[in-house]
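So the structure is just underneath, and the comments pick up after that.
The values are calculated or read from the model by the stated rules, or taken from the named source; none is laboratory data. Owing to the predicted nature of the structure, the values given are computational and were not obtained by experimental measurement. All Cβ positions, even for glycine, are placed from backbone atoms using ideal geometry, and neighbour counts span all protein chains on display.
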Amino acid sequence: MKIETIVVGPYEVNCYVASADSNEAVIIDPGADADDILNYLRTNRLKPLAYLLTHGHADHIGALNKLLTAHPAPALMHAEDQRWAFTERNQIPPFYPAQYPPPATLQGITDGEELLLAGIKFKVIATPGHTPGGVCFFVPDAQALFCGDTLFQGTVGRTDLPGGDGRILAQSLKKLAALPPETHVFPGHGPETTIGEERHTNIYFRSPA
């Protein structure tokens, strides 16, 4: 599996383009700068088969509608975040305006669901706490975890925003701590890390409270 990181928007979100041995790709968290993402796809002759959304915050979905216009494909988000992600509640002025509802390609996902997309098998791990419908996408064959804002290098996602809950996030972190230590972690912001490294260095991850 090839993973390309495109850092997008004022909040420097990591948008990931995952592909296998074909011209098909999966876009994870297209937060902003749709033209940059489209240029990468065009340059590498990649066609998106799906858009995976780790959670609903505006900085992680801001480019979705423009990408869907150029490359229609299913967009997958947990139902708990679909409730508010495309409403006036979800904006970060002046950087991210409210997002209008995408076309009917928006679909729900559930904990434990397995998705075979572009030749890559993703397993959905529900990790609420940062948002009510936060999820991670685990690729067992590549030992790769796309975790949005649930886990970062040395810290975890904030829980003081609407819908956040520190106690629930602590339970979600326990799920991730059970993954193999060699699992490579691709967070929503900042540098990559591993489950093993976070077990040893991340106080929130070692002993979530």
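Annotations for the structure displayed:
- The residues of the stretch 151-201 that are modelled with pLDDT of 95 or more, farther than 16 Å from G129 by Cα and either touching a Leu at 6+ places or on another chain (Cβ under 8 Å) or of a type in the set (V, I, T) (or both), listed by number, are L179, T183, H184, V185, F186, T193, T194, I195, E198.
- The number of residues in the stretch 16-71 being among the small types (G, A, S), over 17 Å from F95 (Cα atoms) and over 13 Å from the mean Cα position of the chain (by Cα) comes to 5.
- Qualifying residue in the stretch 44-56 (condition: small (G, A, S) and more than 19 Å from V135 (Cβ to Cβ)): no
- Among the residues of the stretch 8-66, those that are hydroxyl-bearing (S, T, Y) and surrounded by fewer than 17 Cβ atoms within 10 Å (Cβ to Cβ) comprise S22, Y40, T43.
- Entry remark, the stretch 93-114: residues being of a type in the set (A, V, I, L, M, F, W, C) and crowded, with 16+ Cβ neighbours inside 10 Å number 2 in total.
- Residues in the stretch 57-95 that are closer than 20 Å to T131 by Cβ and among the small types (G, A, S): A58, G62, A63, A75, A79, A85.
- Number of the exception - G119 against (1) more than 23 Å from A25 (Cα to Cα); (2) over 18 Å from the mean Cα position of the chain (by Cα): (1)
- Scope the stretch 166-209; condition surrounded by 13 or more Cβ atoms within 10 Å (Cβ to Cβ), of a type in the set (S, T, N, Q) and in contact (Cβ under 8 Å) with a residue 24 or more places away in the chain; matching residues: Q171, S172, T183, T193, N202
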